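Okay, so here's the structure we're looking at.
The values are calculated or read from the model by the stated rules, or taken from the named source; none is laboratory data. Everything quoted here is computed from the prediction, not taken from an experiment. In this analysis, Cβ positions are derived from the backbone assuming ideal geometry, glycine residues included, and neighbour counts consider all displayed protein chains.
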Amino acid sequence: MSKTKTKTRKTEDLSQAMLKQIGESTAREMLNMMILIRAFEEKADELYILGLTHGTMHLSIGQEASAVGASYAVRRGEDYLLNHHRGHGHALSWGSEINLMMAEFLGKENGYCRGRGGSMHIADIERNNLGANGIVAGGIPIAPGVGVSIQLRKTDQLCLCLFGDGAANEGAFHESLNLASIWDLPVIYFCENNQYGMSMSVDRAFNIERISDRACAYNIPGETVDGNDPLAVYDAVFRAAERARAGKGPTLIEALTYRWKGHSKSDPQSYRTRDEVKEWQRKDPIPRFAAVLEGAGMLDEDMLKAMRDEAEQKVDQALAFAEASPEPDIATIMEGVYA
Amino acid sequence: MPENRELTYVEALREGLRQVMEKDESVFLLGEDIGVYNGAFGVTAGLLEEFGEERVRDTPISEAAIAGACLGASLTGMRPVGEIMFMDFVALSLEQLALQAAKVRFMFGGKTKAPFVLRMPAGSGTGAAAQHSQSLENWLVHVPGLKVVMPSNAYDAKGLLIASIYDDNPVIFVEHKLLYGTKSHVPEESYEVPLSQSRVVREGSDLTIIATSLMVHRSLEAAVQLSEEGIEIEIIDPRTLNPLDDETIIKSVVKTSKALIIHEAVGTGGYGGEIAARIASSEAFDYLEAPIRRLTGLDIPIPYNRTLEYHAVPQVENIVVEARKLSRGEY
Ligand SMILES: Cc1ncc(C[n+]2csc(CCOP(=O)(O)OP(=O)(O)O)c2C)c(N)n1
Ligand SMILES: [Mg+2]
């Protein structure tokens, strides 16, 4: 484990330093995005309950700081994103349009995937979001390919590869990290450790303290950060991005966070206690980040309220847009299988 | 217990597992979220409480290791039953299944055996889109050494599962998400439905439908409608896809002179082609009065949108139209 560094800087020091680096307006924008993600997913949850969406969905409520911290630390929309099934927040944070996401939820023709993909598969190819994946760890082995392509095309992009704690136990994880390491590929492996893979707690699924400890097996940096602090996430991902763009290879980052809602829409949550959920809800990343900004004189009550109102408005408008959008034409059912 | 006791497909599977585990210490379960979570579709509910963590083992998300562990345990005296949460994920187990489990007996000169069962639900209709809705049975049918079983009702589910567990070969046991809640008569005692025996589900004289899994139900519904028009359909459920009892199918086609094969999996490279070939190359060929037809899933990934998803696989009305045309000689 010797090669694995764990953050030692104090949270307050880090926050101050990071706020300075990021700047006031971006910091506020990040909070704004976290609020938007929360509002979007709360609406998505509602739609599901009303039977307006089909299938299942995976909500990231409680994990917004990870999504926002990670994407704001790279060039959102220019770098590449490999998303995973719990990916609404990442897609929004990457710059995807809320209207088109909502339309996809409702299976509409003008949704991001023409209604063919749904919540689990939102891709925004124009913004280099290569898609959310329904297969756990499905995106991980794609990352070295994206990395090689960046190397060969000699751009200064990188690939942000997102996955959960559970995904780190698929064999593909090992193959991918090793390949990226030996070829010094510009990949950031970002593991959102929300403490569970469905019902399987990380305590039961791993025999190591930190998932980032695995980095030493590939001789790459590994770091575990507070995933409920967008600034801590930003800091780690930013440094990994500098390393990637400098041709020094991949980094494994583990963001510690928590999923508030059930795994998907059919989860009685018998594997965890209410107290545990409540304890994490007290660490809600949104009020926490808001307090940091207020402390730094970058935010006041009115601004916060305006952000909340605006988020709700946007979500309502997106829903109206989605509802008014056309259904796919059955005659097009065979389209799109081949190029 | 009344003789007409009914159980759902899920309950029947669970009862089968429980009865075998009570009797036979060598049987144990492994898979993702099969413990406190009860399995994604509830098949293993209550079994953790009853048999404990040693015999009902939650695994990390590692499908290659689940299949490999089934093989390793089965080579060394156990009879494991693994669960793959959605059949789609069997893609991650394929190396252990197709290159290892299917080969060990033959390759080592018949001196070893791999008695395990890997259960997995196939099928669309739940809005789970392209990566959680496939019917991939033919991937596995194509590998000699694996048996492939696909029960269409609760009675068969229990009996075939018990028979599969006691079979000395690796058995791929394909369930269907939309069948889990369906009910049928299920005897309370432990019983086996022998593998490789096709079943005549309904007798008729005008046309033979060979259907698998959920499509057996849709074909039955269609047959009832067509019966009102005076068209009598015979329905055969192969139940075990490999090794297949094709005699029952051929006998039926000799009788009806017409065959329609129905499955949810995509048509190209699908199981229907195999059945058609078996019919066409048998004595039934001389009796055929119409081309052998297939009605299958479209050659596309399963779409998310409800309407598109509905149209991607055969529905009762499609079967009615197709069977009517074929039996009237309109093709
Ligand atoms: C290969 C594969 N195996 C299993 C599943 C079913 N499944 C979907 S999400 C999930 C848990 C994933 O856990 P994690 O990677 O920690 O992500 P989280 O859901 O916690 O965000 C499981 C088991 C799947 N989709 N793909
Ligand atoms: Mg997780």
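If a residue counts only when it is farther than 24 Å from B:Ala91 by Cβ, which strands (runs of 3 or more DSSP E) contained entirely in segment B:136-239 have at least 3 such residues? Before the answer, list the steps.
Details: elements: B:147-149, B:171-176, B:183-185, B:199-202, B:207-211, B:233-237.
Because the criterion is at least 3 residues that are farther than 24 Å from B:Ala91 by Cβ, the strands (runs of 3 or more DSSP E) in segment B:136-239 that meet it are B:183-185, B:199-202, B:207-211, B:233-237.
List pairs: first in segment B:252-275 and on the phi > 0 side of the Ramachandran plot, second among the charged types (D, E, K, R) and in a helix (DSSP H, G or I), Cβ under 7 Å, 6+ apart or cross-chain?
Matching pairs, first to second residue: none at all.
Determine whether segment B:319-331 contains at least one residue that is in a loop (DSSP other than H, G, I, E, B) and closer than 29 Å to B:Ala128 by Cβ.
No, segment B:319-331 contains no residue that is in a loop (DSSP other than H, G, I, E, B) and closer than 29 Å to B:Ala128 by Cβ.
Go through segment A:273-297 and give me each residue that's part of a loop (DSSP other than H, G, I, E, B), in contact (Cβ under 8 Å) with a residue 24 or more places away in the chain and surrounded by fewer than 17 Cβ atoms within 10 Å (Cβ to Cβ).
So the first thing to find is which residues in segment A:273-297 are part of a loop (DSSP other than H, G, I, E, B), and the list is A:273, A:282-284, A:296-297.
Adding the requirement that they be in contact (Cβ under 8 Å) with a residue 24 or more places away in the chain leaves A:283-284, A:296.
A:Lys283, A:Ala296, listed by residue number.
Residues are listed down the side, and each one gets a yes or a no for (1) within 9 Å of another protein chain (Cβ to nearest Cβ); (2) polar (S, T, N, Q); (3) touching a residue at least 60 places away in the same chain (Cβ under 8 Å):
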site: A:Cys113; (1), (2), (3): yes, no, no
site: A:Arg116; (1), (2), (3): yes, no, yes
site: A:Gly138; (1), (2), (3): yes, no, no
site: A:Asp156; (1), (2), (3): no, no, yes
site: A:Leu160; (1), (2), (3): no, no, yes
site: A:Phe173; (1), (2), (3): no, no, no
site: A:Leu177; (1), (2), (3): no, no, yes
site: A:Ser181; (1), (2), (3): no, yes, yes
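For segment A:97-119, indicate whether the set of residues that are touching a helix residue (DSSP H, G or I) at 6+ places or on another chain (Cβ under 8 Å) and within 16 Å of ligand 2 (Cβ to nearest atom) is non-empty.
Taking every residue of segment A:97-119 in turn, none turns out to be touching a helix residue (DSSP H, G or I) at 6+ places or on another chain (Cβ under 8 Å) and within 16 Å of ligand 2 (Cβ to nearest atom).
Given (1) closer than 24 Å to B:Val104 by Cα; (2) surrounded by fewer than 22 Cβ atoms within 10 Å (Cβ to Cβ), identify the lone condition not met by B:Lys177.
(1)
In this structure, is B:Ser281 closer than 25 Å to B:Gly145 by Cβ and either free of Cβ contacts under 8 Å to residues at least 24 places away in the same chain or away from every other protein chain (no Cβ under 14 Å) (or both)? Break it down stepwise before answering.
On the way: closer than 25 Å to B:Gly145 by Cβ: yes; either free of Cβ contacts under 8 Å to residues at least 24 places away in the same chain or away from every other protein chain (no Cβ under 14 Å) (or both): yes.
Yes.
Name the helices (runs of 4 or more DSSP H) wholly inside segment A:92-211 in which the number of residues that are within 15 Å of ligand 1 (Cβ to nearest atom) and over 20 Å from the mean Cα position of the chain (by Cα) is 2 or more. Walk me through it before giving the result.
Details: elements: A:98-105, A:142-153, A:171-182, A:202-205.
In segment A:92-211, the matching helices (runs of 4 or more DSSP H) lie at A:171-182, A:202-205.
Only residues that are within 11 Å of chain A (Cβ to nearest Cβ) and either surrounded by fewer than 22 Cβ atoms within 10 Å (Cβ to Cβ) or out of contact with any helix residue (DSSP H, G or I) (no Cβ under 8 Å at 6 or more places or on another chain) (or both): list them for segment B:286-312, please.
Listed by number, the residues that qualify are B:Leu298, B:Asp299, B:Ile300, B:Pro301, B:Asn305, B:Arg306, B:Thr307, B:Glu309, B:Tyr310, B:His311, B:Ala312.
Could you grab me the full set of residues in segment B:124-166 that are out of contact with any His (no Cβ under 6 Å at 6 or more places or on another chain), under 24 Å from A:Lys265 (Cβ atoms) and either not hydrophobic (A, V, I, L, M, F, W, C) or not assigned by TED's automatic domain parsing to the domain that holds B:Asp88 (or both)?
Result: B:Ser124, B:Gly125, B:Thr126, B:Gln131, B:His132, B:Ser133, B:Gln134, B:Ser135.
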